[in-house]
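The values are calculated or read from the model by the stated rules, or taken from the named source; none is laboratory data. Just so we're clear, the structure is a prediction, and the values are computed from it rather than from any experiment. Using ideal geometry, Cβ is built from the backbone for each residue, glycine included, and neighbour counts are taken over all protein chains shown. Each accessible area value is taken on the protein alone, full model and side chains, heavy atoms only, with ligands, DNA and RNA left out. Shrake-Rupley method; radii C 1.70, N 1.55, O 1.52, S 1.80 Å.
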Amino acid sequence: MIGTALAAALGSNPLTSAMNIALLDRQAPAKVDQRLSSVPENRVSTIAPATIRILQQAGSWPHVQPPNSAAFSNMQVWDSAGTGHVEYHADLLGADILGHVVENSVLIRALTQKLPASVTSLQPASVEAIHLPGFSSTEQQGGSQLATVSLEDGRHIRTRLLVAADGARSRMRSLAKLRTVQWMYNQKGLVATVRTAEPHATAWQRFLPTGPLALLPVRHGYSNIVWSTSPAHAAELEASSPAGFVAAVNEALQTAPTQPSSGLASMQSFLQPGKSMTVPPLVSELAGDAPRSFPLALCHAGRYVRPRFALIGDAAHAVHPLAGQGVNLGFGDVHCLAQALAAASESGTDIGSLAFLEELYERPRQQANVTMMGGLDMLKRLFTPQQGMLASFRNFGLDAVNASPMMKKQIMSYAMG
């Protein structure tokens, strides 16, 4: 998805639309004329307004906007270990929406439809090896050393810039010998499509003892479940009957707090007198494909670039899905690198130059990504304890944020880009 987004972004800019681009993928290309399934697919992304602007610039937004996606204008976050909660509303910022929820396949088809004629699609194709210039000034001198990609079918491609967007377990990153910092969360993210008793335009997220559970609106009145939980519990949910799965989701979203209010309860009541959280709609039916899960981890590359090579998207950084920011970070990479390549085209700068890639791409994106990744990891760890003073203070903190329009504005503005 992110590699296709970069190609589409380059094609939409007059400064880069004539660049010769080869798009490689092990999978066959998306069928752009394929009709949407009657029931939304399990794998979705939450896209922020900043990402929507990138899609608009690429010309892909008309193929993503409702009814092909669902907008949400409200969000509620609450804790199962207390009564603390935060409600976010778009109108606090004078906005109509906080974001959209869209199937990944819809995004891929929309981006593929806007690929420029200068793109050569090599799909399916598998990379056997790559050769990159070294870091020394001698090896980079004059830009004569190009990157070479060797495919398993014997073809070779020489390029001024090789961009890897092959996911969190990036083989290209390994072949380029770029190291990562990573750790597993000992959790799995389980996804499913469900129907609710009534349609809604709210992104709901409850923090449970095993991890957060999100209920998100998707197209045609359906909802999507993203449940971060233990591997054993994920396997149990995958093996359960449709009725059993629905019951488990409703129990997780509807049950009363597991911990009675602490001594901070009076302070919480002072912060939000008479206010209680909104109850999410009941899930009525499991729809479409069976629930499936995937392991969760944090992964960050120490370097995003080397001469004639750049990482974007999950190949550079993978995050916990608790705030739905992973794909937005990837589109942020796309925008930054596309803008950098446009500037290089205008000035005649070598697009594979290490100094150029460091200054205009790696440095700004690492700063933005590390800030978001650190915040998400902190949130994940903050919501893990279910007892004791930390859980009590966490609940108080949620209510404190909810009582402060200024804090909520700052949080929403940052998340929306």
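In the set (1) part of a strand (DSSP E or B); (2) open to solvent by 70 Å² or more (accessible area, probe 1.4 Å); (3) over 30 Å from V64 (Cβ atoms), I157 fails one condition alone, (2).
For segment 120-127, the count of residues that are touching a residue at least 60 places away in the same chain (Cβ under 8 Å) and over 26 Å from the mean Cα position of the chain (by Cα) is at least one. Looking only at segment 231-265, residues that are at pLDDT 95 or above and polar (S, T, N, Q) come to 3 in all. Taken together, the residues in segment 72-101 that are among the charged types (D, E, K, R), in contact (Cβ under 8 Å) with a residue 40 or more places away in the chain and surrounded by fewer than 22 Cβ atoms within 10 Å (Cβ to Cβ) amount to 1. For segment 17-37, how many residues are touching a residue at least 40 places away in the same chain (Cβ under 8 Å) and exposed (fewer than 14 other Cβ atoms within 10 Å of the Cβ)? Looking only at that region, the number is 8. For segment 59-118, what are the residues that are part of a helix (DSSP H, G or I) and closer than 23 Å to A9 by Cα? Result: W61, P62, H63, N104, S105, V106, L107, I108, R109, A110, L111, T112.
Quick grid of which residues meet (1) open to solvent by less than 40 Å² (accessible area, probe 1.4 Å); (2) more than 30 Å from L6 (Cα to Cα); (3) of a type in the set (K, R):
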position: G167; (1), (2), (3): yes, no, no
position: S174; (1), (2), (3): no, no, no
position: N186; (1), (2), (3): no, yes, no
position: G211; (1), (2), (3): yes, yes, no
position: H233; (1), (2), (3): no, yes, no
position: L237; (1), (2), (3): yes, yes, no
position: S241; (1), (2), (3): no, yes, no
position: V249; (1), (2), (3): yes, yes, no
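The test for being open to solvent by 50 Å² or more (accessible area, probe 1.4 Å) and closer than 26 Å to L286 by Cβ does not hold for P14. For segment 119-128, the candidate set comprises residues that are part of a loop (DSSP other than H, G, I, E, B) and open to solvent by 30 Å² or more (accessible area, probe 1.4 Å); within that set, the residue that is nearest to T16 (Cα to Cα) is Q123. Selection of segment 307-350 for residues being open to solvent by 30 Å² or more (accessible area, probe 1.4 Å) and more than 30 Å from G211 (Cα to Cα) yields H335, Q339, A343, S345, E346, S347, G348, T349, D350.
With respect to being more than 30 Å from S69 (Cα to Cα), surrounded by 14 or more Cβ atoms within 10 Å (Cβ to Cβ), modelled with pLDDT under 95 and polar (S, T, N, Q), T148 falls outside the description.
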